[in-house]
Amino acid sequence: MKIILLCGSLERGRDGVGDYTTRLAYELMQQGHKVGILALNDQFLKQEMYSITKFESPMSLTQLRLPSIWSIKKRFEKAKGWIDSFNPDWISLQFVIFSFHPKGLPFGLSKQLLILGGDKRWHIMFHELWVGMEVNATIKYKLWGWLQRNIIRKVLLDIKPRIIHTQSRIFQAQLNRLGFNTGYLPLFGNIPNLHVSHHNKSEDQINSDNIIRLIHFASVRAGAPIDEFAWEVARYSREKEVVVSLTFIGRSGPEKNRWIEAFKSQSLIVESLGELSPESISEYLSTSTMGISSTPIVLADKSGSVAAMREHGLPVLCVTYPWQSPIEWKFEPIPGVFQYRNGIFNEIVEAKKKYNDDWSAVLVASKLAGYFAEQMNFPCLIG
């Protein structure tokens with residue numbers, strides 16, 4: 001099959017959905033499909049960028065990145081010409097509403113997408129929906145979310161995607177509530193487990209019982225009970241006579257400073273490494289004891305950083321504020337992902353259990369291609 005993946009930006013390491021899209025494209029190519037990626041609103045460029053990346057023969061990945069500083073008309077005219085020449089069997093839209101407008105209000109998006117391929121088979125993967133979805137959201141965010149929800153609804157009504165997916169159970173419930181049959185396709189991490197650390201560190205360093213290495217990879221959300229968590233970690237460190245460290249990786253944001261202060265006030269070790277290469281991130285994840293996330297546990301299934309930590313065998317502790325949905329839905333816990341409460345840190349560390357993410361990029365690509373083939377009425381040639 002010939003497949004085009006659409007997203008907003010494709011700057012490696014700077015756009016999570018772009019990294020996801022690139023990895024998905026590679027896995028689809030590995031399974032024999034011809035794949036192209038189109039970044040429709042790339043915020044990291046001032047001029048268009050066209051590239052062909054060669055892999056093992058005969059595989060090559062074609063990418064077209066269109067800068068956000070271009071007018072909408074210019075970007076979509078260029079995109080249409082490229083899509084027409086590619087002539088895909090499927091267009092897969094990797095949807096984040098803020099990818100197409102700085103305030104997440106891309107009015108007219110459905111009309112623009114119809115221009116790109118009104119006669120094509122469409123697939124949409126919803127990575128995000130609308131703001132103001134939680135019970136305690138402000139009036140401003142609820143009104144903002146109402147506008148975004150209507151934009152999404154119009155996109156779905158106009159382009160009539162044959163397949164709709166999301167990686168979040170709460171998003172699935174919201175989309176089904178809007179009247180659109182939505183499947184659940186779990187998220188894989190953006191950082192492949194490369195086991196780089198095993199080439200550079202001894203087994204004693206990796207498995208030391210005297211060092212507990214906590215790692216936070218992604219933005220730090222506000223509202224977490226970090227003082228209580230830091231106190232509990234410090235108490236465990238004193239009672240068990242072990243060293244505990246917390247490492248931040250990535251663009252963590254200003255809230256990280258509150259976490260650093262809380263840990264340092266308990267005489268705990270903290271380091272902030274900033275942005276690193278995927279190879280270096282994999283090394284740090286491979287030598288850590290536990291992943292720490294500030295994403296609410298009900299949204300953990302859509303977190304690329306949580307998926308990456310699970311792919312590296314880590315239990316993940318969500319140290320976060322309580323998040324409540326205004327609609328009824330069935331919460332399905334992810335194995336190895338825990339909500340912070342008093343005493344849970346001790347339980348996870350003492351269990352010394354490794355967890356694995358069953359949904360690899362290979363499996364997700366295989367499932368997606370299978371759905372595409374089924375809709376095209378010919379047998380899928382992959383597992």
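One table, with the values for the structure above:
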quantity: Separation between Cα centres of segment 88-152 and segment 333-366, rounded to whole Å; calculated: 30 Å
quantity: Extended-chain gain in nm, criterion 0.36 nm per residue less alpha-carbon gap, residue 273 and residue 52; calculated: 76.3 nm
quantity: Listed residue (175, 117, 333) projecting farthest to the positive dipole end of the chain, Cβ model; calculated: 117
quantity: Magnitude of the charge dipole, the chain, Cβ model with Lys/Arg +1 and Asp/Glu -1, debye to 20; calculated: 1520 debye
quantity: Extension gain from residue 11 to residue 178, taking 0.36 nm per residue of separation minus the Cα-Cα distance; calculated: 56.8 nm
quantity: Out-of-range pairs (alpha-carbon distance over 21 Å; input 78/111; 46/140; 2/78; 78/154; 240/353); calculated: 46/140; 78/154
quantity: Over the chain, relative contact order from alpha-carbon pairs under 8 Å, at least 6 apart, %; calculated: 14 percent
quantity: Ranking by accessible area, most exposed first, for 82, 231 with a 1.4 Å probe; calculated: 231, 82
quantity: Distance (nanometres) between label positions extended 7 Å along Cα→Cβ at residue 162 and residue 143; calculated: 4.2 nm
quantity: Helix-only mean residue ellipticity at 222 nm for the chain, each DSSP H run of n ≥ 4 adding -39500 (n - 2.57), per residue, nearest 500; calculated: -11500 deg cm²/dmol
quantity: Which labelled figure in [x] 20.7; [y] 22.1; [z] 21.5 is Kirkwood radius over Cα pairs in Å, once derived from the coordinates; calculated: [y]
quantity: Sulfur and carbon atoms: percent of accessible area, segment 209-333 [1.4 Å]; calculated: 48 percent
quantity: Heavy-atom SASA rank of 26, 236 (probe 1.4 Å, accessible area, largest first); calculated: 26, 236
quantity: Over segment 278-375: Rg over Rh, Cα atoms, Kirkwood Rh; calculated: 1.03
quantity: All aspartates and glutamates inside 17 Å of residue 120 as judged from Cα atoms, apart from same-chain residues fewer than 8 positions distant; calculated: 77, 84, 89, 158, 374
quantity: Fraction of antiparallel bridges per DSSP, the chain only, in percent to nearest 5; calculated: 10 percent
quantity: Net length gained if the chain between residue 236 and residue 280 were fully extended (0.36 nm per residue, minus Cα distance); calculated: 13.0 nm
quantity: Which of 33, 123 is most accessible, then next, and so on - probe 1.4 Å; calculated: 33, 123
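The values are calculated or read from the model by the stated rules, or taken from the named source; none is laboratory data. No experiment lies behind these values; they were computed from the predicted model shown. We place every Cβ from the backbone using ideal geometry, glycine too, and count neighbours over all the protein chains shown. Note: areas computed on protein heavy atoms with side chains; ligands, DNA, RNA excluded. Shrake-Rupley method; radii C 1.70, N 1.55, O 1.52, S 1.80 Å.
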